[in-house]
1. Residue under question is Glu208, and the condition is that it be touching a residue at least 60 places away in the same chain (Cβ under 8 Å), out of contact with any Gly (no Cβ under 6 Å at 6 or more places or on another chain) and either more than 14 Å from the ligand (Cβ to nearest atom) or of a type in the set (Gly, Ala, Ser) (or both); does it hold?
2. Inspect the stretch 38-56 for any residue being polar (S, T, N, Q), within 27 Å of Ala148 (Cα to Cα) and assigned to a loop (DSSP other than H, G, I, E, B) and give the result as yes or no.
3. Could you list, in sequence order, all residues of the stretch 59-89 that are in contact with a helix residue (DSSP H, G or I) (Cβ under 8 Å, 6 or more places away or on another chain) and assigned to a strand (DSSP E or B)?
4. Go through the stretch 146-156 and give me each residue that's free of Cβ contacts under 8 Å to residues at least 60 places away in the same chain and either over 16 Å from Lys199 (Cβ atoms) or not assigned by TED's automatic domain parsing to the domain that holds Thr110 (or both).
5. Within the stretch 39-49, can one find any residue that is touching a residue at least 40 places away in the same chain (Cβ under 8 Å) and outside the structural domain of Asp107 (by TED's automatic domain parsing)?
6. Those residues that are open to solvent by 30 Å² or more (accessible area, probe 1.4 Å) and outside any helix (DSSP H, G or I), I need them from the stretch 116-134; list them, please.
7. Which condition number does Asn83 fail, the rest of (1) over 29 Å from Asp127 (Cβ atoms); (2) at pLDDT 90 or above; (3) open to solvent by 10 Å² or more (accessible area, probe 1.4 Å) being met?
8. Would you tally the residues in the stretch 175-207 being modelled with pLDDT of 90 or more and small (Gly, Ala, Ser)?
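The values are calculated or read from the model by the stated rules, or taken from the named source; none is laboratory data. Owing to the predicted nature of the structure, the values given are computational and were not obtained by experimental measurement. Reconstructed Cβ throughout: ideal geometry from the backbone, glycine too, with neighbour counts over all protein chains shown. To get the accessible areas, we keep the full protein, side chains included, count just its heavy atoms, and leave off ligands, DNA and RNA. Shrake-Rupley method; radii C 1.70, N 1.55, O 1.52, S 1.80 Å.
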Amino acid sequence: MPILKTEAIVLRSYKWSETSNIVTLCSRDFGKLRAVAKGARRSNSRFDNCLNPITQSQILFYSRNSGGLHTLKEASSINYFPNLKQELEKLAYASALCELTEYLTADGQTGSSAYYALYQTLNKMEDSPVEDFKKLLWHFELRMFAVAGYCPQLCECVCCGGSPESLPVSFSLARGGILCEKCEQKDAARRQVHPDTVKFLRMLQNIEIEKVGNIQISPSLEREIKALLEAFWRYHTEEYRKLKSLQVLRQISRNAGT
Ligand SMILES: [Zn+2]
């Protein structure tokens, strides 16, 4: 078995035996990995806290090509993201990034786009006020939709490819994009959206993460964006509602009355 080295972010860790854990990682060079961390549950484990969820670590592992479990040899932490773990709301957002990444990426899927989207968003959240987190989560979701192969099409009509004459107000959940005036009647799964929502999402698709926090947004636009992204997720996956961190975020948002 070859020994491989990479940087990775821990998405999840769970008990495998009395002394060992299985960790799911989003790695820079080998996509999503599942690996056994032998001895990780012992008090004097060599892995220390490097394998806790929402931790960026340098890892060394024995690779199993068959798609089975890999075996971790060593891990050393790079960033624990301590600020994200100090408040329940921040932790819920960071956990949502990890859960969505785990759900949307396949084992062994190559390419580093998911890793960099997760890494950059966690880093940005670590240094941002919690008020910016929902915009950062939306920005991340749009990037991850693209990684998963269903990036919303927001410029041309997703049905005929034509350019709408006026800004469209229909969005097809099934096809994943806006509809022109001619095509909107053909789509039963369309959803009416405010033109400002389409404008905002277009901007969010193209903006650098550094600038996301500066965007100003009205409460009504915020509600519609949240509802549209959630409807889009739910249309494509039943599992979305089961993601625990998102349930926590919904509860926090209900308690805050937003
Ligand atoms: Zn059309």
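1. no
2. yes
3. Asn79
4. Ala146, Val147, Ala148, Gly149, Cys151
5. no
6. Asp127, Pro129
7. (1)
8. 2
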